[in-house]
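Every number in this text was worked out from the coordinates using simple rules, so none of it is lab data. Predicted model only: the values in this text are computed from it and were never measured. When we count neighbours, we look across all protein chains shown, and the Cβ atoms used for this are built from the backbone with ideal geometry, even at glycine.
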Amino acid sequence: LTYLDAKHLTFQTDSTNENPVYLRNRIRHDLIPLLQTYNPQIRRSLSHLAEIVSEDEKVLNTVTKHAFHDILVPRQDAEEGQSCHISRSRFLDLPRGLQRRCIREAVTHIKGDTRRLTFLHIEKVIAFIAASPKPSAAYECAGVTVNHHHDVIAMTKVSMMVHLPRWEAQCLSVPDEIQMHSIGCRIRTWREPPVADDDSATHGGPVACDPMVAHFDEDTFGLPLTVRPWRAGDVFCPSGMGGKKKKLQDYFVDTKVPKGVRSQIPLIVAPEGILWIPGYRQDDRFRCRSTTQHTCSVQIVR
């Protein structure tokens with residue numbers, strides 16, 4: 001009003017200012033007067049709080065940008081503004097508050113905004129990153145896919161294919177231990193006394209105790225084993241399906257494994273067929289039973 005008086009101008013009243021349909025009017029006419037019955041200085045208090053929060057936010061934004069820059073992993077193959085890669089270990093060293101803000105910063109970097117990103121999404125992303133990484137792990141929220149890859153967390157727009165490195169098949173003996181540098185894991189095999197799983201949860205699905213360890217009846221397949229990515233036309237008999245065959249591509253679709261990481265799953269394959277999709281299912285034909293005499297065990301180590 002002082003400005004208008006100085007300029008000899010009049011003001012106009014917005015005709016919608018009295019309409020209770022709008023939230024701003026209900027706050028102005030109903031909520032603020034109610035709060036004044038508890039604190040007559042509520043308007044001044046809220047004004048001071050807004051100023052404090054505004055200045056605090058500027059400081060936190062600066063701290064967040066520095067922290068985000070510190071956890072970023074430069075990637076030459078990353079498309080500008082479409083994806084970002086962060087160090088898992090450096091991210092987990094951050095205080096929880098900065099972890100949340102860095103997730104928002106990453107999503108903004110990728111999408112340009114944080115629409116549809118909720119508090120629950122952020123908490124699930126943090127839990128996903130903190131969990132033990134799997135070769136095929138992925139989480140999707142608010143239009144962004146989050147993947148484990150070595151110590152790097154790749155965050156990518158859902159509309160994009162995740163460009164992860166190609167890798168070659170390797171032979172695997174028993175006992176043996178091989179390093180799969182291209183997909184960031186080590187694979188161990190060994191023999192042990194018979195382990196029957198007829199009455200265990202593995203009969204109906206993934207390994208109950210550790211999804212990265214599986215046991216097989218060695219008398220049901222030949223050697224050597226092969227560790228390889230999936231191929232078009234692959235089929236297996238998922239445990240718990242009564243020996244019925246299923247295309248691996250259909251299994252990936254049903255299990256909602258993102259397309260971009262399917263090729264990063266190290267299938268354990270015998271001459272007779274696929275033994276195991278690590279982290280998911282074993283083939284029913286090769287699992288241990290009460291009649292098993294020789295057990296072969298396989299472990300994926302990150």
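For residue 263, what charge total do you get from the other residues with a beta carbon under 14 Å from its beta carbon, if Lys and Arg give +1 and Asp and Glu give -1?
Values: positive: 166, 228, 231, 259, 262; negative: 168, 234.
Around residue 263, the surrounding residues sum to +3.
Only one residue of 63, 193, 2 has its Cα farthest out toward the positive end of the dipole of the chain, where Lys and Arg carry +1 and Asp and Glu -1 on Cβ, and that residue is 2.
Compared with the dominant Cα axis of the chain, that is its longest principal axis, helix 96-111 is turned about 90°. Helix 119-130 and the long axis of the chain differ in direction by around 40°, with both axes built from C-alpha atoms. Among residues other than residue 242 with Cβ under 12 Å from its Cβ, the summed charge is +3 (Lys and Arg +1, Asp and Glu -1). Axis of helix 42-71 versus longest Cα principal axis of the chain: the two differ by about 30°, to the nearest ten degrees. Taking the Cα centre of the chain as origin, sum charge times position over the Cβ atoms of Lys and Arg (+1) and Asp and Glu (-1), and report the length of that vector in debye to the nearest 20. About 620 debye.
Which entries of 65/157; 65/124; 124/256; 124/247; 58/124 show an alpha-carbon separation above 24 angstrom in the structure shown?
Result: 124/247; 58/124 exceed 24 Å.
Decide, for segment 170-301, between rounded, prolate and oblate: order the square roots of the alpha carbon gyration tensor eigenvalues as a ≥ b ≥ c, take rounded if a/c falls under 1.5, and otherwise choose prolate if a/b is larger than b/c, else oblate. Don't jump to the answer; show the numbers that get you there.
Working: a/c = 1.57, a/b = 1.13, b/c = 1.40.
The shape class here is oblate.
Taking the chain on its own, what percent of its Cα-Cα pair distances exceed 28 Å?
55 percent
Among 286, 11, what is the fewest-to-most ranking by other Cβ atoms within 10 Å? In increasing order of surrounding Cβ atoms, one gets 11, 286. Working from label points 7 Å from Cα in the Cα-to-Cβ sense, the residue 168 to residue 223 distance is 2.3 nm. On the basis of the beta-carbon distance and an R0 of 35 Å, residue 9 and residue 43 show a calculated FRET efficiency of 0.85. Taking 127, 138, 106 as the candidate residues, the one with maximal mean-square fluctuation in a Gaussian network model of the chain, Cα springs under 10 Å, is 127. Checking the a/c ratio against 1.5 first, then a/b against b/c, what shape does the Cα gyration tensor give for segment 64-157? Cα axes put segment 64-157 in the rounded bin. With R₀ set to 51 Å, the beta-carbon distance separating residue 130 from residue 16 gives a calculated FRET efficiency near 0.60.
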